[in-house]
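Quick notes on the structure that follows.
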Amino acid sequence: MSSSALSIGAKALTTNLTALQVVGHNIANVNTPGYSRQRVQLETAGYQFFGNGYMGKGVSIDTVERAHDAYLTREARLTSAIAAADAIRLSRLQQLESAFPLGSNGLGASLNDMLNAWSDIGSAPGNLTARVVAIARGDEFASRMRNTAGQLDLLRDSTQQQVQGSVDTINRLAQDLASINQRIIETQGSRHTPNDLLDQRDQLLRQLSEKVQTSVVPAEGGSVSVFVGGSQPLVLGARANSLSVVRDPGDTSRIALAFVQAGASTPLAETSLGGGELAGLMGFLNRDLTDVQNQLGRMALSTATLLNGQQALGLDLNGQPGQPFFVPPVAALGIPSVGNTGTGSISAQVIDATALRASDYELRYEAGSVSVVRLSDGQVSSFAGPPVSLDLDGLRFSLDAGTPADGDRFRVRPYEAVARNLQMALTSPDRLAAASPVNVIPGTGNSSGLSIESLYAQSALPAPVPSTSIEFQADGTYTIDGALPGTPFMPGVPIEVNGWSLTLRGSPSPGDRFTVEAATPASVAQNAGNAAAVLDMRTRPTFEGVALADGYISLFSDVGTRVQGAQFAANFSGQVAKAAESARSEVAGVNLDEEAARLLQFQQAYQASAKFLQIAQSTFDSLLQTVGR
């Protein structure tokens, strides 16, 4: 009986000491990331039969278990992945926004300064100083375009490097997870769980989910399998696969992701990533940055094309047709897909600078037809034939050489390089084509009720330029070369005939006459008609209805809207992730107050066990002394 008491006391002493060690382990790891609180599970040590009944044999430790909720842990991983994607996208967008300042340092101010500089030329067409200023303003605009494009290129390069860094981290974490899985598998056969190993694995899974959204499935031997991109097995038990950064097969100037297993590479779509930093970075590269680069390139292409076009319609101080103001943007070459089997080559050039859409395009040759996909919104336009050239969104897509095969695809990026390469072509002030190729001569008997606001060519004029007579009638209409019926006159509304545009202001009188004819060489120095045309371009609807002078405002507004939306998404997903982690921590985290109470509980139990063991020992000693006599 005394030996049983000694055994009970010894078991109680060691059991409570172990409980104290577990409490101490919890307290020591109160600040350890990913640590789950552990608790000793006690059970009775059984019983034995004595003549007068069954007597207990004390206490023993069943196991040490960790506080863990699989559902809360999964929710914390998922929400942290979404929050990480939103946070990294917001960070990148804020850097993007810094490339588009407002005020005097912005592209909008530079564009308007360039256009407004033609106002001084209109006032004094022969003033070389005003012409020098106009050229300087144009050069400043081109320089800011190049600088802005350069900042976007740097942001693209740094983001691509960050993608590579995230992929390297994902692969390292996958290897670590496979190693932890192997160690957990090796512990099988024991009825106890390797709590600290499980905590390490959960922490690795949490770190991995911040890089890429994962699906975790329990596997044999206590291990887990980890899937990314929907169904790609990144970790299978003790074996890890990997991700890699590759060139986009549809556009080798861009990067894409691939899943690598047993040496075989499978494309991994950005849309399949779900959440995590990698998804945020790829989304920024493929959508936000691409869209903004296209808008910037469209602004450069439209401005250069319109100015060059109007310059070509005017006459310089030497009476010669105007030469390009900017170096004409070259046609964009189609990028063939790596799987193409045909010999075709594709290009695109602008034919209507006011109809351009800020988008990349993909041409798909299929069964004797060609489809053009506008990648910004997925709109598909199909053409039978296929034709040698086709027009869409102000662009002309041309088959320059060879023959595409069925299934061939071409990526066309009309705006990608325009802003980066924008340069001034004119350097001499006398080459600015400020003069109109036509003059207007008021009739000698005209009243003073009408004034000439502007006259300029708006398209190629017929050769030779015909003399055109405009005469006002008593009913408020005007005739052109005497042709009836007359056209109602509205002040400020252009009269457009034979490729030129004449704008008159005021109230006409019957019999007022104006004659439009080719400009004479002697009138060129005092003729500012084409300068007025450039000024009128400021209000021309150019960017999907937005005026040319306001093009930068629409671009900046789009960037600001993206930042604002990303800010809201990051704040919301961050709060959700914080709440999910807080819920997980309430279950798994260490509470020092609770541990202090348990410390006192097991300390008292340990002291009581020691006292009981001391009494049992004394009793046993007394028994031995009595029997020994």
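Rule-based calculations on the coordinates, nothing more; no lab input. From a predicted model like this one, the values you see are computed outputs, not experimental measurements. Quick reminder, even Gly has a Cβ in these numbers, built from the backbone with ideal geometry, and neighbours come from all protein chains shown.
The table below gives the values:
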item	result
Degrees between helix 107-123 axis and first principal axis of the chain (Cα, 0 to 90, nearest 10)	10
17 Å Cα-Cα reach of LYS11 towards aspartates and glutamates, excluding residues that sit fewer than 8 places from it in its own chain	GLU43, ASP62
Per residue convex hull volume, Cα atoms of the range 185-273, in Å³	95
Listed candidates (i) 3, 12, 15, 15, 13, 10, 8, 7, 5, 4, 3, 2, 1, 1, 0, 0; (ii) 3, 15, 25, 27, 19, 9, 2, 0, 0; (iii) 3, 14, 22, 21, 15, 11, 8, 4, 1, 0 - label of the one calculated as P(r) over Cα pairs in 10 Å bins from 0, in percent	(i)
Set of lysines with alpha-carbon distance to LYS578 below 25 Å, sequence-local pairs under 8 removed	LYS211
Between 0 and 90°, nearest 10: helix 592-628 axis offset from the chain longest Cα axis	20
Peptides ranked, highest mean first, by Cβ atoms within 10 Å: ranges 126-139, 599-612	126-139, 599-612
Radius of gyration and Dmax over the Cα atoms of the range 450-497, both given in Å	11.9, 34
Hydrodynamic radius (Kirkwood) for the range 60-160, which is based on Cα pairs only, to one decimal in Å	18.5
The chain: calculated mean residue ellipticity at 222 nm from DSSP helix runs of at least 4, using -39500 (n - 2.57)	-15000 deg cm²/dmol
Normalised contact order of the range 140-250, rounded percent, pairs of Cα under 8 Å and 6 or more residues apart	29
Rounded Å value of the spacing that divides the Cα centres of the range 228-307 and the range 462-497	58
Folded to 0 to 90 degrees: helix 70-97 orientation relative to the chain principal axis, Cα	30
